[in-house]
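Novice: The structure follows.
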Amino acid sequence: KQKEEGTVKIGAIFAVTGGASFLGAPEARTVEMVVDEINAAGGINGKQIELIIKDSAANPEKAISFTKQLIEEDKVVAIIGPSTSGETMQIKDLCESYKVPLVAAAAAEAIVDPVAGYVFKTPQKDSYVAKWIFKTMQSMGIKRIGVVAANSGFGNAGKGQLEKYAPDFGIEILIAETYDRAATDLTALLTKLKAQNIDAVVNWSIVPAQSIVPKNMKQLGMDIPLFQSHGFGNIKYVEAAGEAAEGIIFPAGRLLIAEKLPDEHPQKENLMAYKSAYESKFGEDVSTFGGHAYDAIMLIVEAIKKADSLERTDIRDALESISGFPGTGGIFTFSPSDHNGLGMDSLEMLTVKNGQFDFLKGE
Amino acid sequence: MLKIRNLESGYDKLKVLKGISLHVNSGEIVTIIGANGAGKTTLLNTIASIVKAADGEIKLNGRDVTGISPDRIVKNGCALVPEGRQLFPAMTVRENLILGAYTLFREKGKKTAKENIKKIYSMFPILKDRGSQLAGTLSGGEQQMVAIGRALMTGPELLLMDEPSMGLAPIIVKNIFRVVESLRDQGKTILIVEQNARAVLEIADRGYVMETGSLVMEGKACELLDNNDVKRAYLGRDYKEFTDK
Amino acid sequence: MSVEQVLQYIFAGITVGSIYAFVAIGYNIIYNATGIINFAQGEFVMLGGMIAYTFSGLMPLLPAVVLAVLITSAVGSVIESVFIRRMRKTSVLGMIVVTIGISILLREAALYIWDEQIRALRFFTGSEISSVNIFGARISPQVLWILGITTIIVAGLFLFFKFTLTGQAMRACSENLRAAKLCGIRTDSMVNLSFMLSAGIGALGGCVVSPLTQTHYAMGTDLAIKGFIVAILGGLGNAIAAVAAGLLLGLIESFSISILPMAYKDVISIIILLIILVVKPSGIFGSRQASSMKDY
Amino acid sequence: MTKPLNTFNSLLQIQKLDKFFGGLHAVNSVSFDVKPGIIKAVIGPNGAGKTTLFNMIAGYYTPGGGQVFFKDVLLTGMQPFQVAGKGVFRTFQNLKLSHRLSVMDNILLGRHTRGQAGFLAGMLALKKSRREEKEAEEAVLPILEWLNLLDLKDTEVGNLSFGNQRAVELARALVSDPAMLLLDEPAAGLNMHETEELSQRIQEIRDQGRTILLVEHDMSLVMEISDEIVVLNFGQKIAEGKPKEIQENEEVIRIYLGGEDA
Amino acid sequence: MKRYYSVLLLTAVIVIIQVLTLITGKAYLLTQLTMSAYYIVVAVGLCMVMGYAGQISLGQAGFFAIGGYTTAFLTTIDFSGKAETVLYRMLDTLGLLITKETLYGDTIIHMTPWISLLAAVLIAAVTAYALGIPILKLKGHYLAMATMGFGIIIYRIVLGSRIFGEADGISNVPSFPVFPGISVSGDFTSRISNYYIAWLLVILGMLLLINLINSRVGRALRSLHGSEEASDAMGVDTSRYKVIVFVIGAVFAAVAGFFMTHYNGGIGPSEAGVAKSVRYVAIVAVGGMANLWGSLIMGLVLNFLSLRGVFGHFDDAVFGIILVFMMMFMPDGFIHTDVIHDIKEMLRPLFMRKKKLKKKQEVSND
Ligand SMILES: Nc1ncnc2c1ncn2[C@@H]1O[C@H](COP(=O)(O)OP(=O)(O)OP(=O)(O)O)[C@@H](O)[C@H]1O
Ligand SMILES: Nc1ncnc2c1ncn2[C@@H]1O[C@H](COP(=O)(O)OP(=O)(O)OP(=O)(O)O)[C@@H](O)[C@H]1O
Ligand SMILES: [Mg+2]
Ligand SMILES: [Mg+2]
């Protein structure tokens, strides 16, 4: 009991297993690692963090049950996660009406639009990603494109953003298709695309399709450029696609090319710290997803420090006033009207060169 | 040939056989008669090792075979024609017979097995015509013939038969009893359970009477036929009374 | 549609179709020996890919694949002797439930052995970017491998079940276990053999498709469902029909994509399946008579 | 138990029934009538088409041709349950019972056609439903007693011996007070003593005014109790008449009964 | 009357649990108990289909989703600003519209969930009926396949259709005012009333099913499980009965889906997945197939623990283990009446040995 009084309880809901484990597993590992580090270094304002992670396996109904449990039973001061947009949308109102700060690691814009007082998110907005892709296409002279997206919350949201902003950049989407997120062969779909007179393909998904699309394109002899979403942010996917990954263009946070950043870049220190800690601890490459969770926990810790209080409303207020905080996804500046806090500049256009990520502008 | 001492067995909670001792000599036809539910089927199944013996001893040709697996019982020359036929319904008649010869194929090769099939076909010519029909679509009587044929295909020395006449036309029943007799004449040993007690006692050498899991009487077949208790309980009248007149 | 495109759709259909067929063949082998549909079949495919991937880091591809097949066969054998053998008295329903349970366990075990990352085996010949040009349509060399190996396996199985005594004995076990015992068949080993065989074939499938489709711990469920559809479509118990049905389903899916949004591809294939089930429950290639003899 | 009215000249009329299985003409233009209140036996060698004939009467097989009338109502084309609804009940050559249910439940099933309460009445436990249940149980008891099944009434049927299962099947067919019974080899698996008991019972059933169509290979039974006999061979009717006549029919002796210890 | 004792006992237990949680300050447990209750309704409905009528259904989540998504879709249509439409005026004059203020200060007008309840039940019943007539002619694996296929179709439609929110599902589903002042919602303040609403539904369902099982129709269903041909011969219209039971199971699932969606304030495609259908089948199987109480208890225990995240990352694994273990060692389920007998049997050797020892001692004493 005594120990409890001296701790800060933070809840986390991640899809560690199940269909979205690509997201949830690195997220959960990251948060555990970070909390251990902070606790080892003396905790927040002298208080140890007690982290309660719940595995929702990407089921909204579980996320709802866990949210209530974390709030009423465990009395956490804030919640991180969930991993998927669907789950986050289902608990958004819940957190709002219970007045518990939620920092989501899911991407959909609807999470912060309309803005709910207590709900924040760390991944860059899908619209930025779409805009970056179109900007790059403009500079490459690409006019007509085909879009394929996984039938997941992530893919659907991305496809929506692409369709929304394409006209602004004078780009025509000739064909847009979704496929099952666990699809194992997409040659039939790509054949359909190939029949259209398109200059480039955009694929918006997370694994495994991100590696299958490039392979299948090569197999079909499609030599047009392939753009992917920021979901491609893990070197493992490049390995899985092998030689077919060469030349893929995609926007992402700077985590993937942290080493290549100039030393004076404000994010560099944090990025390298997270990256080396994670990679040495778990023996696997970091992904941008883990980065989103890293940002979420760090932002909450920052807010608690700043508020110097364990009241949920105080923490929320502190969160909303955070400004210029360097995370892995970019530099966060929240405001009452912006609960994502990232700008267009949080993304870089990257490509794959010799099996490695690299800046696109380097070419 | 077969020697059983103090055999006990049953199902889960139910003990059916309560200490059975019997023997069958080489070249004999021995029959077991008894009321429904007495445990005759259970006894044959226990000998064939389909039902596990709980206690007691079964010896085949002097070798203790209690508790060994059913396939090894077959290899030891003992085959069962089960109650209710138990065919492979979605396989053809021919395939059913061939599977009967499974051990033969394994040990003596194709030729012996082929010869056996011929023998079976000559015993039951109708099966030859139905050779490629699925066994499940045969009439009841035809199925019984396949069951007997299949057991004979294993080339057994000791044949256990559980109500082989069930559901057969009188002429076929006669035929089957004739087959049973001729099998004995070929040197095979037969332990047969029958409801048609009169008919079976007429061809059997010896018989046992079973009541609720125990053997209550034993004797020469002709003695049993004349025994008043047996007459009253199991023999009834014979349809011959009708045909004779 | 141009000829070239039609061909391309056909190739796409054949590729997925032969993957489905691989799973369905595994179903059929076990079904033929036991009358059980083993819902863990998809997991055998996953295990094959995973194990081969792990070994391929240590040795050339061929021995890695052989090892994967052997180890997965052993897993199949263990599953049979530990779980299935004790279960045989129960109903179709009970068996469905248990094999689903086993598939969950295998999947979870794989998650803890290999984590949630996807993996892909090296291409047998060529690489990710090589493709063979056939009349203007293109196909990955790996698809040719898949087709070749499927053909060999099907031919082998056909001969095995039709002409060998062991094959027939295996079928006998599924029809009437007790009668099979009475024929002197060692039913336990037959059933065990069928699990080994089907696990091994599943694993081999997992290896050949891995370079294309990649391997992931949870891939088994979808494969199991598709394989099940194909097995039924072809008529349970018939490996050759399964391959034909697999290719047919692959082609249906692939051409349906050319007309309709891909999101509804499964809806179309399942509606076709339901229609076939209702019109001819024994499957497209199954014999109506034989299935009416089975006690379902 | 009420007696069915014997106002029909023939209760069951079978007219030119045909059935093919592939190339096999299993039943070949068979016609005969069954008069009310008698026991009529169908005999013939194995595979003659007797069970197939039963299956066509009871609605399990659709005939390849021909018709069956019961009380001048056309049965052909009806589903099995509809045939039962008309008061024609059957037993099976290979028993068909619900093994996991008790003897009582199995037998009560025979009363199904007597009740009316449907799903809704059942779910809401309406008075009608409860009354019917009670009536059914009361109606079943005498029959259980008559067949010596009273002690076994709560046993699971799967645990009964073959002979007792046969008795359960007979009871089940009887409790609905059927006008006509189709019995497929009721004596198979019974010993002679039991067969005699059965023959008593079948006669008692007839004496209650029911009509019985019987397939049986046990000639002691058939010859003793049947009023008329039809003989089938290779799907065709080859003889019909009183037991005496059939016994003396040379063809029947040759193909079915067998000569004197030939 | 005797058959209702167990229901009375259940009612008592429900009340006792509520009081206990209140006294011990653990009222939050009611959340998961409420959610479990809705899943139990699906399970007992399926138990009727599978255990009693012997028809496997691997598509039960599809019916749950039909119930849930129907109401989620209908009650999230916002009529504000559509006052001119015919539908609006019709609903308005009938008093079937509800005005609500959202958390973000907007006003929305939606139709009352009573309409969607009617719609959910109707759609589920009609679907089950139309589907049941052809597919219930199938048996065993074929039926399993067909029902699973149905489940997948629903899942795919939900996942692929914009109006159903695709992978995100539908959120912001309004609460359902059942009685004046009491509504089905996940709101903290109405936790206790919601607990009772959910369990009332369970009790009601149990009563209906218990009655059914013990009726003429129920016996026909049970025997159908054993031998369909025999039931046919006894005058049971087997195909019709199977279809009706299937419809009953579907309606149970849809009603549960309806309530759960209002309780959770949303629904996602995971509720329609094959994995969920498998779970329902597993619960029924583990509960002992033809055992309503088994389904109820296993449904409660497994869902309650799972929803509380007790199994952590091993949620599926635990499920798998329980499934395999139960089917292997207790195929008749955990709550089979023979458990007591089995235990007695297990203990018997102990006593026997004692007796024998005693006897021996007595002998040696002599
Ligand atoms: N599988 C089983 N499970 C439980 N009890 C059984 C089983 N099979 C038979 N019994 C019981 O065992 C006893 C003996 O049955 P068995 O079949 O051996 O008798 P039988 O003498 O062959 O009778 P019948 O002449 O009717 O065939 C009966 O009381 C029966 O109820
Ligand atoms: N479903 C079927 N498919 C193919 N052939 C069949 C089918 N049912 C029966 N037969 C064949 O039709 C013939 C008549 O069979 P049926 O069962 O009516 O004979 P039965 O007179 O009842 O013989 P038994 O006295 O041996 O029972 C047999 O030759 C049988 O093989
Ligand atoms: Mg017997
Ligand atoms: Mg017959």
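No lab work stands behind these numbers, since they all come straight from the coordinates. Predicted model only: the values in this text are computed from it and were never measured. In this analysis, Cβ positions are derived from the backbone assuming ideal geometry, glycine residues included, and neighbour counts consider all displayed protein chains.
Novice: For B:ASP229 and D:HIS99, FRET efficiency with R0 = 51 Å and r from the beta-carbon atoms, rounded to 0.05? Kindly include the intermediate steps, with their values, before the conclusion.
Specialist: Working: r = 34 Å, r/R0 = 0.67.
Computed FRET efficiency for D:HIS99 and B:ASP229 comes out at 0.90.
Novice: For A:LYS9 and E:THR11, FRET efficiency with R0 = 35 Å and r from the beta-carbon atoms, rounded to 0.05?
Specialist: Details: r = 37 Å, r/R0 = 1.06.
Here the calculated transfer efficiency is 0.40.
Novice: Hey, another quick one. Give the percent of DSSP beta bridges with both residues in the protein assembly as shown that are antiparallel, rounded to the nearest 5.
Specialist: Numbers: 70 of 136 bridges.
Taking every DSSP beta bridge within the protein assembly as shown, about 50 percent pair in antiparallel fashion.
Novice: If the reach is capped at under 17 angstrom between alpha carbons, list the aspartates and glutamates near B:LYS128, excluding any in the same chain fewer than eight residues apart.
Specialist: Within the straight-line cut-off, B:LYS128 pairs with B:GLU95, B:GLU115, B:GLU142.
Novice: Just to check I understand the Karplus step: with θ = phi - 60° and J = 6.51 cos²θ - 1.76 cosθ + 1.60, what whole-Hz values come out for region C:51-65, glycine and proline as x?
Specialist: Rounded to whole hertz, the list is 5, 4, 4, 4, 6, 5, x, 9, 8, x, 4, 4, x, 5, 5.
Novice: With just the Cα atoms of region C:97-190, tell me how far they stretch along each of the three principal axes, in Å, largest first.
Specialist: In descending order, the Cα extents are 57, 40, 19 Å.
Novice: Moving on to the next point. Modelling each spin label as a point 7 Å along the Cα-to-Cβ direction, I'd like the C:THR125/C:THR54 distance in nm, to one decimal.
Specialist: Between C:THR125 and C:THR54, the simple spin-label model gives 3.0 nm.
Novice: How long are the semi-axes of the ellipsoid equivalent to the protein assembly as shown, from square roots of 5 times the Cα gyration tensor eigenvalues, in whole Å, largest first? List each step's numbers first, then the result.
Specialist: Numbers: eigenvalues 885, 265, 196 Å².
Semi-axes, largest first: 67, 36, 31 Å.
Novice: Which of the pairs A:LYS131/A:LYS260; A:LYS47/A:LYS75; B:LYS75/B:LYS111; A:LYS121/A:LYS281 have their Cα atoms more than 20 Å apart in this structure? Walk me through the numbers on the way to the answer.
Specialist: Values: A:LYS131/A:LYS260 24 Å; A:LYS47/A:LYS75 16 Å; B:LYS75/B:LYS111 18 Å; A:LYS121/A:LYS281 26 Å.
Where the Cα-Cα span goes over 20 Å, the pairs concerned are A:LYS131/A:LYS260; A:LYS121/A:LYS281.
Novice: Residue-wise, which Karplus ³J(HN,Hα) couplings in Hz belong to region C:153-162, taking 6.51 cos²θ - 1.76 cosθ + 1.60, θ = phi - 60°, and x for glycine or proline?
Specialist: In residue order, the calculated couplings are 5, 5, 4, x, 5, 4, 4, 4, 6, 7 Hz.
Novice: Now, a different point. What nm distance separates the two modelled labels at A:ASP263 and B:ARG63, each placed 7 Å from Cα along Cα→Cβ?
Specialist: The two pseudo-label positions are separated by 8.7 nm.
Novice: Take the alpha carbon atoms of region E:115-146, find their center, do the same for region C:1-80, and report the distance between the two centers in whole angstrom.
Specialist: Cα centroid to Cα centroid, the span is 33 Å.
Novice: Starting from the Cα of E:PHE329, step 7 Å along the direction of its Cβ; do the same at B:GLU211; then give the gap between the two resulting points in nm.
Specialist: Placing both labels 7 Å along Cα→Cβ, they lie 4.5 nm apart.
Novice: Stretched out fully, how many nm does the piece from A:GLU73 to A:GLN356 gain, at 0.36 nm a residue minus the Cα gap? Mind dumping the intermediate values first?
Specialist: Details: separation 283, 0.36 × 283 = 101.88 nm, distance 4.62 nm.
Extending this stretch completely gives an extra 97.3 nm.
Novice: Hey, got a sec? Which trypsin sites (Lys or Arg not before Pro) in region A:108-167 land in a DSSP loop and have at most 16 other Cβ atoms within 10 Å? Let's see the in-between values first.
Specialist: Details: sites: A:LYS121, A:LYS125, A:LYS131, A:LYS135, A:LYS143, A:ARG144, A:LYS159, A:LYS164; in loops: A:LYS125, A:LYS143.
Filter output for region A:108-167: A:LYS143.
Novice: Based only on Cα atoms, what mean projected area does the convex hull of chain E have, in nm²? Don't skip to the end; give the middle numbers.
Specialist: On the way: hull surface 104.0 nm².
Averaging across all directions leaves 26.0 nm² for the Cα convex hull.
Novice: Can you list the HN-Hα couplings for region A:148-163, worked out from phi with the Karplus curve (6.51, -1.76, 1.60; θ = phi - 60°), rounded to whole Hz and with x for Gly and Pro?
Specialist: 10, 9, 6, 7, 10, x, 4, x, 5, 4, x, 4, x, 5, 4, 5
Novice: Between region B:180-232 and region B:72-109, what's the alpha-carbon centroid distance in Å?
Specialist: Result: 26 Å between the Cα centres.
Novice: I would also like to ask the following. List the residues whose amide H sits under 5 Å from the amide H of B:ILE20, counting only those 5 or more places along or on another chain, with H placed 1.01 Å from N in the peptide plane.
Specialist: Distant-sequence amide H within range of B:ILE20: B:ASN6, B:LEU7, B:GLU8.
Novice: Sorted from largest down, what three extents in whole angstroms do the Cα atoms of region D:95-177 have along their principal axes?
Specialist: Taking max minus min along each principal axis of the Cα atoms, region D:95-177 gives 38, 23, 19 Å.
Novice: Still on this structure, I have one more. Work out the FRET efficiency for B:SER122 and D:TRP146 from their Cβ-Cβ distance, taking R0 = 56 Å, and round it to the nearest 0.05.
Specialist: Details: r = 48 Å, r/R0 = 0.85.
That pair, B:SER122 with D:TRP146, gives E of 0.70.
Novice: Still on this model: Straight-line reach from D:LYS86: which aspartates and glutamates have a Cα under 12 Å away, not including same-chain ones fewer than 8 places off?
Specialist: Excluding near neighbours in sequence, the set is D:ASP72, D:ASP177.
Novice: At 0.36 nm per residue, minus the direct Cα-Cα distance, what do D:ASP207 and D:THR155 gain on full extension? Give it in nm, one decimal, please. Numbers along the way, then the final one.
Specialist: Numbers: separation 52, 0.36 × 52 = 18.72 nm, distance 3.03 nm.
Contour length minus the Cα-Cα distance gives 15.7 nm.
Novice: Could you name the lysines whose alpha carbon sits less than 24 Å from that of B:LYS220, not counting residues in the same chain fewer than 8 places away?
Specialist: Of all the lysines, those that pass the test against B:LYS220 - Cα under 24 Å, at least 8 places apart if same chain - are B:LYS3, B:LYS18, B:LYS40, B:LYS59, B:LYS174, B:LYS188, B:LYS231, B:LYS240.
Novice: Which far-off residues, 5 or more places away or on another chain, put their amide H under 5 Å from the one on B:ILE32, with H placed in the peptide plane?
Specialist: B:ILE192, B:VAL193, B:GLU194, B:TYR208
Novice: Still on this model: Taking 0.36 nm per residue of separation and subtracting the Cα-Cα distance, what length does fully extending E:ILE321 through E:ARG3 add?
Specialist: Working: separation 318, 0.36 × 318 = 114.48 nm, distance 3.33 nm.
That pair, E:ILE321 and E:ARG3, stretches by 111.1 nm at full extension.
Novice: Two-decimal Rg/Rh of region B:168-241 from alpha-carbon positions, Kirkwood Rh?
Specialist: Radius of gyration over Kirkwood radius for region B:168-241 works out to 0.97.
Novice: Here's another thing I want to ask about it. Can you work out the PRE-style zone for C:ALA109? Point 7 Å along Cα to Cβ, and I want the residues of region C:28-48 with backbone N under 18 Å.
Specialist: Once the point is set 7 Å along Cα→Cβ of C:ALA109, C:38-48 turn out to lie under 18 Å by backbone N, inside region C:28-48.
Novice: Do you know the Lys pair count in region C:3-291 for C-alpha distances under 21 Å, with sequence separation 8 or more or different chains?
Specialist: Working: C:LYS89/C:LYS181; C:LYS162/C:LYS181; C:LYS226/C:LYS265; C:LYS226/C:LYS280.
So the count of such lysine pairs works out to 4.
Novice: To continue, here is another question. List the residues whose amide H sits under 5 Å from the amide H of D:LEU214, counting only those 5 or more places along or on another chain, with H placed 1.01 Å from N in the peptide plane.
Specialist: Answer set, sorted by chain and number: D:LYS40, D:ALA41, D:VAL42, D:LEU183.
Novice: Sum -39500 (n - 2.57) across every DSSP H segment of at least 4 residues in the protein assembly as shown, then divide by the residue count to get the 222 nm mean residue ellipticity, nearest 500. Working shown, then result.
Specialist: On the way: 58 runs with 792 residues, N = 1532.
Calculated from helices alone, the mean residue ellipticity at 222 nm is -16500 deg cm²/dmol.
Novice: Right, another one. Starting from the Cα of C:ILE284, step 7 Å toward the Cβ, then list every residue of region C:222-246 with an amide N under 17 Å from that point.
Specialist: Taking a point 7 Å out along Cα→Cβ of C:ILE284, the residues of region C:222-246 whose backbone N falls under 17 Å are C:226-246.
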